[in-house]
Structures are given as C-alpha cells and as structure tokens.
Amino acid sequence: MDDVLTGADTLAEACELQREMTGLLAKACFGAHKWCANHSDLLREVPEELRGNSFEVTDDSSKTIVKTLGVTWNPFEDWFSVSVPDFDDLEEVTRRKLLSQLAKIFDPLGFFGPVITYAKLHIEWDDPVPTDIGEKWRSFRIELTALREVRLPRWISWKGALKLELHGNADASDLAYGACIYVKGFFANEETEMRLICSKSRILPKKRKPKEKAISTPRAELLAALLLVRMVVKFLSATKLKFESVHLWSDSQIVLAWLKKLPQLLQTFVSNRVSEIQKLTQNFHWHYVATHENPPDLISRGVTPKKLIKSKKWWQGRPRTTVAAAADEIVIPDDELPEMRTGVVLAMTVPVERFPMFDKLSSFTGIVRSMVCYSSIN
C-alpha cells in the first residue's frame, strides 16, 4: 500500500470520507495508519498508535511537517513545500552525477520545472565538466536550498468566484520545451486571480552535427503545444472545477497557422501531431502571446532558483493588462509556411455494384464456373 492524500469542502464531508475509506480498507483486511490531517476533529477517534509519528494533534500552533507522497506538508498551515536534500560533494563532477543528485528533488506537479531544466542543459553525460561549470553547479546547489522556503497552498479554493477560466501556455527553445496550466478566477469589483496548477518540461535531443538542429524550432514548438493539450485534457478529467472556457497560448505563429490547416496538407511529422491537437481541442480557444510574456519561456530556457522564486510571470501567469490575440488573426501564406506537402491530390472512390451471384454461391470454384459460363454466353 502507499499513501492516500485527499480532502473535502467541509469538515462533515471529510469525516464521512474518512469513515468510508476506513471501512473500505477494512473489508480487504487493510488497516489505515499514519493518519495526519489539518483539523483535530478528523483525528479525534484515531488511536495514538495509528497517527503520524511526528504529528501533534492537540497543538494547533505546531510547526511540525510531515512527508506525504514524497513532498513536505505542514498540516495546520496547510501548505506543501519541496524537499531539497543536503547534497554530498562530488570528487569528479559529470552530468550523470549531477542529474543523480538533482533526481532527489521530488516535484510531481512541476512547480520548479524551470530550475530542473536549468540544471539539465549543456553538459554531456559522462564527460567531466569544465571547472567553471563545476563552480556554477556548486553555486546552483546552494541556491536550491532556497526552494525549501516556497509555500504552495494544498487547497485551492475558488469560493466567491463569479466564473473560472483555464489557461495553458506552451513554449520551446533549441534545447528544451514545456507547458504550464493556470486557473483564472473572476470575482466581484472586476478583480481577477491566476494560480499555477502544474507544469511539465522535456529536454530536446542533441543535434547530430555542430551546425545541425536535431529538431527544428517550429517542430519543437509543436511538441510543446501537444504536451500542453495532453496536460489540459488530463487535468479536466481529474478536476471537479467547472470552467466557462479554456484558453491555450503559444508564441509560435507557425504552430498557430498549422493548427488551422487540414492535417493531410502537412508533412507527416507535423500532420500527425496537428491531427491529435485538433481532435482534442475542438472546444478550446488558441491565442498568440509574445515570448517575453509567455511563462513557459522560463521552462524552455531554464532559470536559477532565486530568479524563479521572484518571478511573478511564473507564479501568477501572463500579465493581465495585455490584449489577447486570437489564433485566427495569425495569417501566413501557404508558400511561406514550412512543412506543407507539395502536389497534394485528393482522390475520390466510386462505389462498385456487387454481383448478385456472390450472394447465391458459397464456394470460390462455383463462382469461377459461373463467371466462365457468363462470359461464354456474352
């Protein structure tokens, strides 16, 4: 068994959920233990031996934190934080060893994706890194400890919001690509609030030759758009929040132009991905956003921990004062748009009438004999 992390809108619903979960596990002869909660009433009937070892249920001022599902949780103040280990000094610094240390940071929702990207780029796997890179890593490693001070609210409540919108952004560079999702709430007095929900990042394959890209920038931007769409669809299937609309953003005019084309007019690599995006986003709205206003630009290029912590663009999303540009406003002539097929031919099939004898004869030999007789008569 593993940990279970859940919650409810009210204390009564949470207590009922607790009883149902305990009963369900008991039917399979499993006993729930290491109970922790952000309200003492939820643990009132839980024996001391079944509570989390470091959890003080009677002390509402407790600063004690517990580990759950690989992240740090403060039960009473109800926030999450990333757990950054104390790294050991390395005698020989290689990318493989650096990434081994970096993998000890567990960030399932990708809140610190730009920091992870920053650490992964520019170094070969097993080659000893240059002295200056080794020094940068040591400075970066010290900065990582600042992530422990970031407080991420576990419970995202949108009570009082007049409406909710889901916003997703995608971006790519020559080295990496990524996407992030925000929820935007509209409140009385024209007040709005945006919160980062999750992000994902991917490193692009290395180029094979010094002056050659392993994958073109427009294709990388398309991969970022596809990653975003898959994230949004998965999030919508997992959440109970109701959104008035879904808005997706890219700073690639080429990708936005591709998404308006019939897939069969595009080269195979682009066609397959455009087809999937179009299928999944029929009811979504695509927009263009300038690169400097696009939050996942931080993912695709990477930033240091201190810069990420101070970035309003990352934590609060795109500046609210800018005017949105709809994807339909992006127009690129076909002769200037890359990855277009040349000499596309649209074929049409003509239905062929079935011979009645095929329905009367059940053997191939009988059909051949009948066809011979039919031919000799005519």
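A few notes on this one:
- Among the numbered conditions (1) touching a Gly at 6+ places or on another chain (Cβ under 9 Å); (2) closer than 30 Å to Asp9 by Cβ; (3) not aliphatic (A, V, I, L, M), the only one that Arg230 does not meet is (1).
- Only one of Thr68, Thr131 that is open to solvent by 70 Å² or more (accessible area, probe 1.4 Å), at pLDDT below 75 and of a type in the set (Ser, Thr, Tyr): Thr131
- Failed condition for Arg318, given (1) surrounded by 19 or more Cβ atoms within 10 Å (Cβ to Cβ); (2) modelled with pLDDT of 95 or more: (2)
- Any hit, region 275-283, residues being of a type in the set (Ser, Thr, Tyr) and touching a residue at least 60 places away in the same chain (Cβ under 8 Å): no
- In region 293-302, residue nearest to Glu329 (Cα to Cα) [restricted to those that are open to solvent by 10 Å² or more (accessible area, probe 1.4 Å) and in contact with a Lys or Arg (Cβ under 9 Å, 6 or more places away or on another chain)]: Glu293
The values are calculated or read from the model by the stated rules, or taken from the named source; none is laboratory data. All of these numbers come straight from a predicted model, not from anything done at the bench. A quick note on method: Cβ atoms are made from the backbone with ideal geometry, for glycine too, and the neighbour counts reach across all protein chains shown. Heavy atoms of the whole protein, side chains included, go into the accessibility calculation; ligands, DNA and RNA do not. Shrake-Rupley method; radii C 1.70, N 1.55, O 1.52, S 1.80 Å.
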